[in-house]
Each structure stands twice: as C-alpha cells, then as structure tokens.
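Take a look at the structure set out below.
Just so it is clear, none of the values below were taken in a lab; they were calculated from the coordinates. Given the structure is predicted, the values throughout are model-derived calculations rather than measurements.
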Amino acid sequence: MWLLSIAVNPLIANLAMERTQRESYQKASQSNTECGESHLLLSIKLNTFMIHIKIKTLKYFFLIVLCAAFVNTITAQSNAKPGTHSKIYIVRHAEKLGGDDPLLTDEGNKRAGDLMRVLKNKKISRIYVTEFKRTQNTGDSLRIQLGIDTVQINADTSCASLFAAITQHKDWNKSILIITHSNIIQKVIYKLGITDFSQENIPAAEFDNLYTVSIRKNKPVLQHIKYGKASGSSATMKH
C-alpha cells in the first residue's frame, strides 16, 4: 500500500496546488484587468498553466495504475499457497521437434497419451500450459478425452503469470496440472514451498518426470515419479 501512497499523495497535492493557483490567477485577473492589463493575455497565461497541471496529473495517474498492477501481482504471489485438498501435478512438455515453436514428435505424442492414462482418475479440474505448442500438445489427450478446461499463461521463471492465473480461477484447493519447461519446473516447485528442491534446469533429454505437490500436516510435500517410456538419464540407468 505504501507504493500507492507514493503515487496518490503527490496527485492529491498536485490537485490542491491546481485549485490554489487557479484561484490566484483568477484574483490576479480581476486585479490586473482593473489596472488595464489585457484580459486575453491573462486568459492565455491561465490556460497555459492549466495544461501544465493536467499533464502532471496524467503522469501521476499512470503511475498509480502501474503501482496498482504491481501490487496485484505481489498479492497474487503472496496468496500462492496450496490448500489442504490441493494436488498440483507438474510435468515438462513431452519430446519435441526442432524449431522455435515445435510440435511434438511421435514419441512425444505417445507420452501425452501416457500422461492422460496416469492422471485420468486424479480429478484434474484444470490444466495450465504456456504459450508454446509443445506444452499445449502434451495436455491435449487429457483435455480432449476428459473435457478439462485449459488455461494459457506466459512461460516465465518468476511464475507470476501462473500463480496469478491459479488465484484468478480459485484453483489453490483443487487438483490441477501444470505443463511447463525444463527451466521453469524447479522454480514452480520452489515457490510452492519445496525450498530444498534443486534449482538446476531439468536435463534436456529428460521428459518422464511427474512431480506432485500436496499438503500434509500444513506443510508442502513433494512426490516424484517417472511415467511413460524412460528418457534421458532414466533410460541410461536401465542399461
């Protein structure tokens, strides 16, 4: 709230100054008119001053809007706490083709089916994906076959967009699925309260990790399993 005060207090002072100065100009106008000064010149001075004040007022208004947006983001993050009945499933997208925004490979499509089979009875209420097709495709089997609503959020390591969306949809006390990227998974898990989870990126060749964050005795608990065909280091360990 102190941020809003920084923006609002100058605006209030600015408006008060505008009123005082306007009254002063009006009094000066009356006095100077009596002394023979051009009423037109005084009007020009007053209008110029009013334009200056209005520009300053607009600047403070936009500052208030920016501060309010910042406060809303901070509030959303501070409310980012799984409820006692929540289960938050987190996976990386499945195997992908090359390119800037690729689709899934054949193996990736198979993994999307594996994910659906693993989670089909988990009462997932919503799926959160990023703007990239590989995350959306990974959730397609669940979305289409079980009719689960999907929310698209920005892929950012701050997790601000994700947590704000979960708060907006009131999903903190439900079972949800988050499909994201190898450099974001660990950030999500950490911000959900698992502070001892490694912050290293998931290895590029690993696609078979399924993480679950739930609440036990008022504390977040992490479960980690493998699903579908082994990939990356998981496949190496089997040979």
Is there a pair in Lys122/Lys174; Lys96/Lys133; Lys87/Lys229; Lys170/Lys191 whose C-alpha atoms are over 20 Å apart, and which pairs would that be? Lys87/Lys229
With θ taken as phi - 60° and the coefficients 6.51, -1.76 and 1.60, list the Karplus ³J(HN,Hα) couplings across the stretch 95-105 in order, rounded to whole Hz; mark glycine and proline as x. 3, 10, 7, x, x, 6, 9, x, 7, 7, 6
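Semi-axes of the stretch 109-239's equivalent ellipsoid from the Cα gyration tensor, sqrt of 5 times each eigenvalue, largest first, rounded to whole Å?
21, 19, 15
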Could you give each residue of the stretch 126-142 its phi-based ³J(HN,Hα) in whole Hz, using Karplus coefficients 6.51, -1.76, 1.60 with θ = phi - 60°, and x for Gly or Pro? 7, 10, 10, 10, 9, 6, 8, 4, 5, 6, 5, 5, 5, x, 4, 4, 5
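How much length is gained on full extension from Val151 to Arg216, taking 0.36 nm per residue of separation minus their Cα-Cα distance?
On the way: separation 65, 0.36 × 65 = 23.40 nm, distance 2.70 nm.
Answer, rounded to one decimal: 20.7 nm.
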For Ser175, the residues 5 or more places away or on another chain with a placed amide H closer than 5 Å to its own amide H are Lys87, Ser125
